[in-house]
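The values are calculated or read from the model by the stated rules, or taken from the named source; none is laboratory data. Note that the coordinates shown come from a computational prediction; the quantities given were computed from them, not determined experimentally. No Cβ is skipped: glycine too gets one built from the backbone with ideal geometry, and neighbour counts run over all protein chains shown. Quick note on the areas: whole protein, heavy atoms, side chains included, nothing else; ligands and nucleic acids left out. Shrake-Rupley method; radii C 1.70, N 1.55, O 1.52, S 1.80 Å.
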Amino acid sequence: MTEAQQTAAAPVPPPPSAGGPTGPAPIPLLSPREGVPPVTADAGALAERIEAFASGAGPVAVDAERASGYRYGQRAYLVQLRRAGAGTALIDPVACPDLSALGEALAPHEWVLHAAGQDLPCLREAGMVPVRLFDTELAGRLAGFARVGLGVMVETVLGYSLEKGHSAADWSTRPLPEPWLRYAALDVELLVELRDALEEELREQGKLGWAMEEFAAIAAAPP
């Protein structure tokens, strides 16, 4: 296991090594840095979020919550975004079903997703299609991690533990409970930091070029 698989830089306060048998336990990440944002659920609020994210900096962390265990189909019932300079957004695609303007505003920038193949169909259905992406799950596989779930990767690479208790919730529920929204916001809280650490790991292993080719193929694949 390489150094980046044991420890990596993380948001303030920086954690120690990512807790092996003799190392410290992971630090529980209990709340987003700026708190849980209100759900964007009308055209005016969506326009404000589009403007904020278009003027942000760096890659955009993107995630979506579905209700496949409760509803037919794979539609998104919540879309989460995070970008430097814009913070975190929680967008209700039931109240705002057409997110094509958001997708267009973000299209010039790299999107960071975990297990992109799971979320891209429902994002595409809402009008959001990336041109460039970085898949942190696939990056973990290429880097040789044995377990590549988001919670495990954040814990192993960054030294933080995420609360995963609502992953199988019925996200078609309205209104969404506050604990669920906090969980959803935390799913994108460290995604860009994880991306950066995995990029460095892949570079050290001489695999970054291969990974970027894989990411490009995912982004270019037809529906």
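Listed values, structure above:
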| read-out | value |
| --- | --- |
| Relative contact order (percent, whole number), the chain, Cα cutoff 8 Å, 6+ residue spacing | 28 percent |
| Carbon + sulfur, % of accessible area of segment 32-220 - ligands and nucleic acids excluded, 1.4 Å | 54 percent |
| Charge-dipole axis of the chain as Lys and Arg at +1 and Asp and Glu at -1 on Cβ define it, positive-most pick from Val192, Gly140, Cys122 | Cys122 |
| Kyte-Doolittle at least -1.0, axis length at least 20 Å by Cα - qualifying DSSP helices, the chain | 191-205 |
| Heavy atoms of Leu78 accessible to a 1.4 Å probe, total area in Å² rounded to 10 | 0 Å² |
| Centre separation in Å (Cα based) which lies between segment 19-68 and segment 123-161 | 14 Å |
